[in-house]
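Single-structure report; data block below.
The values are calculated or read from the model by the stated rules, or taken from the named source; none is laboratory data. Fair warning: this is a prediction, and the values are worked out from it, not measured in the lab. Here the Cβ positions follow ideal geometry from the backbone for every residue, glycine too, while neighbour counts run over all protein chains shown.
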Amino acid sequence: GASNTNSVFQAPPFIIKRTGESVASEINCSHSITGYDRILWYKQDEQKALKLLGYLNLGTPYIEDDVKGKISFDGDGRTHSRLTVSGLSLNDNGVYFCA
C-alpha cells in the first residue's frame, strides 16, 4: 500500500530559561509536505486549549493581534519557519507547536 512520508520537524524539543537570562528564544520548524505553502504556530498553556499565534504564508507573516510585538516569524513558509519570542517572561511558559 501507499505510505505517507510527510513529516514536520520542530527544534529544539524544549527550551529552559531562567528569569534574567536571554530575552529571546527561537524555535525552528520544517516540513516535507509538497504543495503546502504555510506554517502555522500555536501555543498551549497548562490546562488550556491550543491558541493560534499566527502563520507564515509564502514568506509573509500573519500574527494575531494580541501577540504582535511579542512574537515574530521568518522563513519561506513553504518548507521552514522560525518563531522568535521576545522579552521573555513567565507568561511565555507553555508548549509551542508548528503545523
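Starting from region 39-56, take each residue that is buried (at least 17 other Cβ atoms within 10 Å of the Cβ) and list its partners that are part of a strand (DSSP E or B) and of a type in the set (D, E), counting only C-beta distances under 8 angstrom and pairs at least six apart or across chains. Taking only residues 6 or more apart or on different chains, the pairs are L56/D74. L58 fulfils the conditions (1) at positive phi; (2) in contact with a helix residue (DSSP H, G or I) (Cβ under 7 Å, 6 or more places away or on another chain); (3) not small (G, A, S) except for a single criterion, (2). Within region 6-25, residues that are closer than 16 Å to D92 by Cα and assigned to a loop (DSSP other than H, G, I, E, B) reach partners that are modelled with pLDDT of 75 or more and among the aliphatic types (A, V, I, L, M) with beta carbons closer than 7 Å, at six or more positions or on different chains, in the pairs K17/L88; V23/L88. When you check G69 against the structure, is it of a type in the set (G, A, S) and closer than 25 Å to N6 by Cα, yes or no? No. Taking the criterion of being in contact with a Lys or Arg (Cβ under 8 Å, 6 or more places away or on another chain), in a loop (DSSP other than H, G, I, E, B) and without any contact (Cβ under 8 Å) to a residue 60 or more places away in the chain, the residues of region 65-99 that qualify are G77, G94. Any idea which of I15, I33, I63, I27 is of a type in the set (V, I, T), over 12 Å from A99 (Cα atoms) and modelled with pLDDT under 90? Step by step, each of I15, I33, I63, I27 is checked, and only I15 is of a type in the set (V, I, T), over 12 Å from A99 (Cα atoms) and modelled with pLDDT under 90.
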